Structures are given as C-alpha cells and as structure tokens.
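Chemist: The structure follows.
The values are calculated or read from the model by the stated rules, or taken from the named source; none is laboratory data. The shown structure was predicted, so the numbers you read here are calculated from the model rather than taken from an experiment. Please note: Cβ atoms are built from the backbone with ideal geometry, for glycine as well, and neighbour counts cover all protein chains shown.
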C-alpha cells in the first residue's frame with residue numbers, strides 16, 4: 001500500500017464535503033502525512049498536516065492517564081468512592097457508591113451537564129428539538145467547573161448500562177487538583193504531555209488556537225447553513241474532558257508510548273484496557289475502558305473527539321506497529337430525517353474508508 005492510496009482516500013473525504021482534512025499514519029519508522037482542502041473557506045488558505053487542532057474528547061485519554069499516574073503514587077484509589085475525596089461535589093449515597101473507576105469508564109450514572117449549561121440543547125438527545133443558538137451565546141462564557149458538575153450531579157441519574165458523560169471527567173479534573181494541590185491541567189501537562197515529549201500539545205490559555213490552525217465549521221445537523229466558524233471559543237465548558245489542543249503527529253506519538261506502557265505502568269495500562277459496555281453520545285452501545293476504547297477491534301486502541309466545528313480520531317495498534325490520527329474541520333454535517341435521526345452522508349463513508357486504510361496498510365512511503 002503506497003502513499004498514493006492514502007492521498008486518494010484523504011481527498012475523497014474533502015470531496016464528500018469536509019472543507020479540510022489532515023492526517024498522519026505511522027508504520028514502524030515510516031511516516032505518511034497528508035492534507036486536503038482548505039483551512040479557511042473565505043480565503044482558500046489550505047490545510048496542512050502540521051496544524052494545531054482542538055481534539056475534543058481525545059483529551060479524556062490524557063486525563064485518565066494522569067489519574068492512573070496518581071494511582072501509582074498511592075494518592076488515588078481506583079476503587080475508592082469519589083465522596084472520600086470530594087464529598088461536597090458528590091454528596092450523600094452517590095458519593096459513597098460512585099468510585100473513581102466508575103468516573104473514568106462512565107459507569108457512574110451521572111448525567112451529562114451540557115444540555116443544562118446550553119439552554120438551546122436542553123432537549124438532547126432529541127436532536128430535532130434542539131437549536132444551536134447557545135453556541136453563539138456562550139462563545140466567550142467562562143464556566144465554573146464546579147457549577148457544571150452540580151448540573152450533572154443534580155440531574156436525574158442515567159443508565160444502566162453506563163452512559164458517556166463529560167460530568168465524570170470534570171470531576172476527575174477536580175480530583176487531580178485535590179490530590180496534587182494544583183490545577184488539573186498542570187498535572188496532566190507535567191505527568192502526561194511532558195512525559196511523552198509532546199511539543200505541540202497544550203491546554204488553551206484563552207479563546208484562540210495559536211497558529212497554524214484551521215477554522216472550525218459547525219453545521220448542527222443543517223440548522224446552521226452555511227456552517228459557522230467556532231474556532232474562537234472559550235473551552236471552559238469542557239476543561240479536562242475535551243479542551244486539549246494538539247497535532248496529528250503528537251497524538252500518534254502519545255498513543256504509541258501509552259500502548260507501549262511508557263506513560264503509565266503496564267499494570268495501569270491493563271486497567272485502562274479493561275472494558276465495559278456503555279452508551280455513547282450517539283446513543284450506540286460501545287466498549288469503553290479507562291479513557292481508552294478499542295477502535296474497530298482490540299488490535300487498535302484510542303479515542304475520538306469533537307468540539308464545535310471540529311473532529312479527531314487517533315489510535316494505535318497494541319503491538320506498536322502502527323498509529324494513525326485524522327482531523328477534520330467540520331462537524332455534525334448530517335441532516336435529520338423525519339424521525340429526528342441523522343441521515344447518512346457521503347462524508348461518513350469516506351471517513352470510514354480512510355480509517356480502514358490507515359489501519360490496514362502494510363507499507364507507507366515517506367512524503
């Protein structure tokens with residue numbers, strides 16, 4: 001498999017309707033990088049494979065790894081109730097029942113806070129009854145994570161089975177701050193990002209992404225037409241759950257080292273790869289570990305992520321022979337059918353084909 005096939009698959013994603021897409025595939029010491037389309041639909045500025053990107057919930061793997069590092073130091077117990085550490089944030093019986101592990105693998109039963117923080121999304125998961133108005137209303141809102149957690153904790157419990165919820169990871173951020181005496185972002189940077197030697201991975205200091213980066217075009221299921229740029233945004237609405245900025249190269253390095261047992265210990269990595277069944281944000285049953293999940297099969301492990309206008313998927317083969325990371329500068333391009341469900345779109349098939357090729361190619365040629 002040569003790089004021409006990967007180039008063609010990448011171009012197909014762009015032709016299907018994504019303004020810009022970029023990716024990197026590694027196989028041993030060989031690397032392919034590609035980009036297709038534009039970073040700015042107004043100026044025609046092209047995307048490049050080295051662009052920095054908001055990677056969304058890929059952040060969760062970093063946060064989970066930081067928690068496991070504290071477990072290794074004896075500061076956190078995986079099966080200790082969260083109420084032991086944060087009794088004011090998760091009070092009463094739930095604080096005594098919900099463990100740290102249950103936060104990391106989304107089996108806590110704590111609801112997603114987002115529909116409460118963004119009023120126009122209150123009807124979620126009934127997509128047809130939502131509106132994107134709150135995205136503009138909260139573009140520059142500085143959210144207090146404790147207030148967001150209170151929304152999730154105060155909402156009716158969800159599951160079983162476990163249900164994917166950002167409330168869990170905001171709580172993990174507070175837990176890291178509690179046991180280290182600093183901000184969660186500082187702990188994650190020191191124990192995970194710096195440990196992995198990632199040069200272009202940071203938490204946002206403000207509302208902008210440092211250059212070079214792409215604009216991010218959100219459609220909200222056809223309700224924003226034409227798609228609107230949300231690359232300038234205050235990411236306090238997700239914090240340690242989904243606010244990280246990175247590159248496809250850094251993500252490949254991170255997952256390669258993580259799956260090799262060089263970020264957390266082999267014992268911790270084994271815990272991360274113990275999966276349970278949960279319901280994803282898309283309403284699908286998936287296998288999920290501790291901030292990590294199998295991608296297509298248990299040969300590859302990684303995480304996907306979305307923000308307003310952007311998406312990312314990164315994974316590594318467990319034997320260390322291959323890694324891939326794909327980034328797009330559009331999101332929620334599917335329109336809804338009469339029942340309110342997202343309709344299939346050519347982008348979905350093109351992305352799936354690119355992912356399959358990235359996972360299966362035996363040889364890649366340096367560009």
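Chemist: For residue 140, are the conditions met, namely being in a loop (DSSP other than H, G, I, E, B) and either out of contact with any strand residue (DSSP E or B) (no Cβ under 9 Å at 6 or more places or on another chain) or at pLDDT 95 or above (or both)?
Modeler: yes
Chemist: Any chance segment 299-314 includes a residue that's modelled with pLDDT under 95 and surrounded by fewer than 14 Cβ atoms within 10 Å (Cβ to Cβ)? Explain how you work it out, then say what you get.
Modeler: Going through segment 299-314, the residues modelled with pLDDT under 95 turn out to be 299.
Imposing the further condition that a residue be surrounded by fewer than 14 Cβ atoms within 10 Å (Cβ to Cβ) reduces the set to none.
No, every residue in segment 299-314 fails to be modelled with pLDDT under 95 and surrounded by fewer than 14 Cβ atoms within 10 Å (Cβ to Cβ).
Chemist: In this structure, is residue 186 over 17 Å from residue 50 (Cβ atoms), surrounded by fewer than 23 Cβ atoms within 10 Å (Cβ to Cβ) and free of Cβ contacts under 8 Å to residues at least 60 places away in the same chain?
Modeler: Considered against the rule, which asks whether it is over 17 Å from residue 50 (Cβ atoms), surrounded by fewer than 23 Cβ atoms within 10 Å (Cβ to Cβ) and free of Cβ contacts under 8 Å to residues at least 60 places away in the same chain, residue 186 comes out as yes.
Chemist: When only residues in segment 1-31 that are under 15 Å from residue 256 (Cβ atoms) and touching a strand residue (DSSP E or B) at 6+ places or on another chain (Cβ under 6 Å) count, which is surrounded by the fewest Cβ atoms within 10 Å (Cβ to Cβ)?
Modeler: In this case the residue turns out to be 27.
Chemist: Related question: Name every residue in segment 103-135 that is without any contact (Cβ under 8 Å) to a residue 24 or more places away in the chain and part of a helix (DSSP H, G or I), in order of residue number.
Modeler: 115, 119, 120, 121, 133, 134
Chemist: I'd like to check something: does segment 165-173 contain any residue that is in a loop (DSSP other than H, G, I, E, B), under 19 Å from the mean Cα position of the chain (by Cα) and at pLDDT 95 or above? Before you say what the answer is, go through the steps one by one.
Modeler: From segment 165-173, those in a loop (DSSP other than H, G, I, E, B) are 165; that's our starting set.
Subsequent filtering for residues that are under 19 Å from the mean Cα position of the chain (by Cα) retains 165.
Okay, now just the ones that are also at pLDDT 95 or above, so 165.
Among the residues of segment 165-173, at least one is in a loop (DSSP other than H, G, I, E, B), under 19 Å from the mean Cα position of the chain (by Cα) and at pLDDT 95 or above, which makes the answer yes.
Chemist: How do the pairs read when you match residues in segment 2-17 that are on the phi > 0 side of the Ramachandran plot with residues anywhere that are part of a helix (DSSP H, G or I), using Cβ under 6 Å and keeping only pairs 6 or more apart or on different chains?
Modeler: That search, which allows pairs on different chains as well, returns 17/347.
Chemist: Another question, if that's okay. Within segment 72-100, how many residues turn out to be out of contact with any strand residue (DSSP E or B) (no Cβ under 8 Å at 6 or more places or on another chain), over 22 Å from residue 144 (Cα atoms) and surrounded by 20 or more Cβ atoms within 10 Å (Cβ to Cβ)?
Modeler: Residues in segment 72-100 being out of contact with any strand residue (DSSP E or B) (no Cβ under 8 Å at 6 or more places or on another chain), over 22 Å from residue 144 (Cα atoms) and surrounded by 20 or more Cβ atoms within 10 Å (Cβ to Cβ): 1 in total.
Chemist: While we're here: Being closer than 26 Å to residue 187 by Cβ and touching a strand residue (DSSP E or B) at 6+ places or on another chain (Cβ under 8 Å), is that true of even one residue in segment 335-343? Before the answer, list the steps.
Modeler: Start the filter on segment 335-343 by keeping residues that are closer than 26 Å to residue 187 by Cβ, which leaves none.
So far as segment 335-343 goes, no, none of its residues is closer than 26 Å to residue 187 by Cβ and touching a strand residue (DSSP E or B) at 6+ places or on another chain (Cβ under 8 Å).
Chemist: Given the criteria surrounded by 15 or more Cβ atoms within 10 Å (Cβ to Cβ), in contact (Cβ under 8 Å) with a residue 12 or more places away in the chain, touching a strand residue (DSSP E or B) at 6+ places or on another chain (Cβ under 6 Å) and under 30 Å from residue 219 (Cβ atoms), does residue 158 qualify?
Modeler: No, not satisfied.
Chemist: It is to be established whether one or more residues within segment 215-229 are closer than 20 Å to residue 185 by Cβ and crowded, with 21+ Cβ neighbours inside 10 Å.
Modeler: No, every residue in segment 215-229 fails to be closer than 20 Å to residue 185 by Cβ and crowded, with 21+ Cβ neighbours inside 10 Å.
Chemist: Just one of the numbered conditions (1) exposed (fewer than 14 other Cβ atoms within 10 Å of the Cβ); (2) in contact with a helix residue (DSSP H, G or I) (Cβ under 9 Å, 6 or more places away or on another chain); (3) at pLDDT 95 or above is not true of residue 296; which one?
Modeler: (3)
Chemist: Under 7 Å between Cβ atoms, at least 6 apart or on separate chains: pull out the pairs that start in segment 81-92 with a residue that is without any contact (Cβ under 8 Å) to a residue 40 or more places away in the chain and end on any residue that is buried (at least 19 other Cβ atoms within 10 Å of the Cβ) and not in a helix (DSSP H, G or I).
Modeler: Sorted first by the residue in segment 81-92, then by its partner, the pairs are 81/98; 81/99; 83/90.
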